[in-house]
Ligand code: SF4
């Protein structure tokens, strides 16, 4: 019998709202009741346009923001409301790779200092020699030479800096890595290298990835499952292959339509509508289905009643659209 992979992360009904500046007692809801889980060795892709709340989800999971509702389980332990002192031992199990390899590294620290910092903060390595051995191994792991240790971030290209960011995240041997648009600031020629590196490390270290991206093409090659977010809510969630083969929500279909495909034959028979209009302001979201002002298939009910995320299509495929009820 094969062993079921460990559930590294589970979030249930996660919510987050920000107070509105200058408007006492008013809030904007950035994350509105998200639930999903990620197993060891699995990648969950979270996709949506800028401002849909996906980075807020990441920051809530890492407890950079305090969630206003819901539960976060890390390796089965509820960390949602742990005090900073009690959370500290769990922090090394969850690390982040940032979008911008330029601003995510402190320009005044050498690479050696950047990689030493998390080891010291988490008391890893008994002495200088042990820490140096870990740092050298981490650097070698991401394909950078040992001479890099005494250099500074500005001396590296964007792709090399992102490798250093990956080394910093993985040196603590986390169970969960939140990858917040880790390739969107890189040249196209470098993007595939970084994705392949992440896939290799995932296999070696059995890592769970939450991979955040603003378009579906980026998550295509790395995700096992995909969740599509719109205005703070999940509107569709399913296996990665299923979302490309059988997208059910009109918003997901529009995101797929927006991916440039070099061979027009691949789109034959698919008549998805293009996405038009702007994302509504989360300060004043539309009533009913939040996608209704932009939806080409809108019905009367959509303007009044919010659709629930319900099973549709293959097992595990959920979508929130009245057309599927
Ligand atoms: Fe479009 Fe209505 Fe479905 Fe919303 S519920 S996606 S408005 S058809």
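The values are calculated or read from the model by the stated rules, or taken from the named source; none is laboratory data. No experiment lies behind these values; they were computed from the predicted model shown. Please note: Cβ atoms are built from the backbone with ideal geometry, for glycine as well, and neighbour counts cover all protein chains shown.
Step by step: first the residues of region 126-165, then only those that are buried (at least 17 other Cβ atoms within 10 Å of the Cβ) and assigned to a loop (DSSP other than H, G, I, E, B), then the one that is nearest to the chain's Cα centre (by Cα). Which residue is that? Of everything passing the filter in region 126-165, 142 is nearest to the chain's Cα centre (by Cα). Scanning region 174-203 for residues that are out of contact with any helix residue (DSSP H, G or I) (no Cβ under 9 Å at 6 or more places or on another chain) and without any contact (Cβ under 8 Å) to a residue 12 or more places away in the chain gives 188, 192, 196, 200.
Against the numbered list (1) within 22 Å of the chain's Cα centre (by Cα); (2) surrounded by 15 or more Cβ atoms within 10 Å (Cβ to Cβ); (3) in contact (Cβ under 8 Å) with a residue 40 or more places away in the chain, residue 90 comes up short only at (3). When region 279-295 is filtered for residues that are surrounded by 18 or more Cβ atoms within 10 Å (Cβ to Cβ) and touching a helix residue (DSSP H, G or I) at 6+ places or on another chain (Cβ under 7 Å), the ones remaining, listed by number, are 288, 289, 291, 292, 295.
Exactly one of (1) buried (at least 16 other Cβ atoms within 10 Å of the Cβ); (2) near the ligand (Cβ under 8 Å from one of its atoms); (3) in a loop (DSSP other than H, G, I, E, B) is unmet by residue 302. Its number? Among (1) buried (at least 16 other Cβ atoms within 10 Å of the Cβ); (2) near the ligand (Cβ under 8 Å from one of its atoms); (3) in a loop (DSSP other than H, G, I, E, B), the lone unmet condition for residue 302 is (3). Going by the structure shown, is residue 169 touching a strand residue (DSSP E or B) at 6+ places or on another chain (Cβ under 8 Å) and crowded, with 18+ Cβ neighbours inside 10 Å? In short, yes. If you go through region 305-325 and pick out every residue that is more than 6 Å from the ligand (Cβ to nearest atom) and part of a loop (DSSP other than H, G, I, E, B), you end up with 12.
Check 35, 50 and return the single one that is under 14 Å from the mean Cα position of the chain (by Cα) and loosely packed, with under 13 Cβ neighbours inside 10 Å.
Working: 35 fails: loosely packed, with under 13 Cβ neighbours inside 10 Å.
Of 35, 50, the one residue that is under 14 Å from the mean Cα position of the chain (by Cα) and loosely packed, with under 13 Cβ neighbours inside 10 Å is 50.
Among the numbered conditions (1) at positive phi; (2) away from the ligand (no atom under 16 Å from the Cβ); (3) modelled with pLDDT of 90 or more, the only one that residue 239 does not meet is (1).
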